[in-house]
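**Q** Handing you this structure, nothing more for now.
Readers should treat all values here as calculations from the given coordinates under stated rules, not as data from a laboratory. Here the structure is a predicted model, which means the values were calculated and not measured. Positions of Cβ are generated from backbone atoms using ideal geometry, with glycine treated the same way; all protein chains shown enter the neighbour counts.
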Amino acid sequence: MNILLPKTITPGMFGAGTTIPEVDSVIGEVAWISGTDYVVKDRRVWKGYTYECVQAITGSPINSVEPSSATAAGYWEKDENAPSNRMAPFDKYLFTRAKRKGSFTYVLKPGFINGVAIYGIEADSLLMKVRAAGVDLMPPIEIDLWQQAFGEWEYLFGELQRGTYYTLKNLPIHPDIEVEITISRNDPDVEAAVGYISVGNWKRLLFPGRDEMGAAQYGVEASTRDYSYVEDKKDGTYVEVPGRLATNINLSCVIDAVQAPEAKSLLDQILGKAVAVEVNDLPKYGHLATVGKVTGTVRSTEWNEAQVDLQIKGNV
């Protein structure tokens, strides 16, 4: 059972090789500029989010007040569903995506980490490099994102699906580690996108006495959640409003009793946060992975064992 304890990505963590700018004019983003007047409905990017003008701004001093400040509350409204193109993969949602035709690259310098999780990938290939001071700490990882066919019929005649997530563990420990992530399409005119990138430290819940055996018990349940809804009309017709999708997971783990305090501490640290969760590394359990908010209980069941029950509410 693996849970990635994430680091918060700040503007200073982006390396020079990042190809999506802080304000991406290619997709129509416009930066907020101090001293400029604005009219209602103007949208501007400031510190990684889009703000919309809700009251006309004319003259000093209000035209110099940052949109994120308390003073600007009656003039600017933050759109929580609209992070900037650069920052989209680093918020709590998967549906907010960084996107660009052909390919794009992120270079992150987050300090000490041991892993990466990438979800909501819409691309044909993924290239990852892990370096420090320009030197590779491990061989580059290049992945074709087409999934393995379930059977011969799917391989020969079916529509093969693309993989949508990838996790990397056991990175070399280095204070100046640099992670480069390139997401690409085979066709340069087709849009590549990614919804969630998290870097941090993987925490593992292990079976008692077995250093490499996952603690999750059989009976793990992954369920899909569809947030679409129906609007009924008076004449009996209705409109189906598409909604976003999520994956929820419920499971129990049996761990060594000495791990119980650490497990409780982990739950405390991730409470209220969207985190990457992977029940098992094996491909046959690939469906048991999601990004969501984790709640749970830690129960001491025997002198040498404890039980952890987890509920993961998948994020859209």
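**Q** Just one of (1) 201; (2) 148; (3) 210 is volume of the Cα convex hull per residue in Å³ calculated from these coordinates, so which is it?
**A** Matching entry in (1) 201; (2) 148; (3) 210: (3).
**Q** If Lys and Arg each add +1 and Asp and Glu each add -1, what is the summed charge of the other residues whose beta carbon sits under 13 Å from the beta carbon of ALA16?
**A** On the way: positive: LYS109, ARG131; negative: GLU22, GLU178, GLU180.
Local net charge: -1.
**Q** Using unit Cβ charges (K, R positive; D, E negative) and no other charged atoms, how large, in debye to the nearest 20, is the dipole of the stretch 30-83 about its Cα centre? Mind dumping the intermediate values first?
**A** Working: 5 positive and 7 negative charges, 16 e Å.
It works out to roughly 80 debye.
**Q** Could you grab the relative contact order for the chain? Cα pairs under 8 Å, six or more apart, rounded to a whole percent.
**A** Relative contact order here is 18 percent.
**Q** Hey, another quick one. Below 10 angstrom from the Cβ of PHE112, what's the summed charge of the other residues (Lys, Arg +1; Asp, Glu -1)? Kindly include the intermediate steps, with their values, before the conclusion.
**A** Working: positive: LYS7; negative: ASP176.
Local net charge: 0.
**Q** Normalised by the number of residues in the stretch 1-149, what is the relative contact order in percent for Cα pairs under 8 Å and 6+ residues apart? Walk me through the intermediate numbers first.
**A** On the way: 210 pairs, mean separation 31.6, N = 149.
RCO, the stretch 1-149: 21 percent.
**Q** Also, I was wondering about something else. Within the chain, which is the longest segment that contains none of the GluC sites (Glu not before Pro) sitting in a DSSP loop with at most 10 other Cβ atoms within 10 Å? Before the final figure, lay out each step's value.
**A** Working: sites that count: GLU159, GLU212.
The longest such stretch corresponds to 1-158.
**Q** What percent does the relative contact order of the stretch 221-314 come to when contacts are Cα pairs within less than 8 Å and at least six residues apart? Provide the component values of the computation, followed by the final result.
**A** Details: 177 pairs, mean separation 29.1, N = 94.
Reported relative contact order: 31 percent.
**Q** Report the local net charge at ARG86: Lys and Arg +1, Asp and Glu -1, summed over other residues whose C-beta lies under 12 Å from its C-beta. Kindly include the intermediate steps, with their values, before the conclusion.
**A** Details: positive: LYS47, ARG97, LYS99, ARG100; negative: GLU22, ASP24, GLU29, ASP91.
Residues near ARG86 contribute 0 overall.
**Q** For the stretch 30-83, what is the per residue volume of the convex hull drawn over the alpha-carbon atoms, in cubic angstrom?
**A** Expressed per residue, the convex hull around the Cα atoms of the stretch 30-83 is 65 Å³.
**Q** Give the value in nm², to one decimal: projected area of the alpha carbon convex hull of the stretch 1-127, averaged over all directions. Walk me through the numbers before you get to the answer.
**A** On the way: hull surface 38.7 nm².
Result: a mean projected hull area of 9.7 nm².
**Q** Which residue, GLY292, GLY272, GLY59, tops the fluctuation ranking in a GNM of the chain built on C-alpha contacts under 10 Å?
**A** Taking springs between Cα atoms under 10 Å, the residue moving most is GLY59.
**Q** Angle check, please: helix 260-270 long axis (alpha carbons) against the longest principal axis of the chain (alpha carbons), in degrees 0 to 90, nearest 10.
**A** 20 degrees
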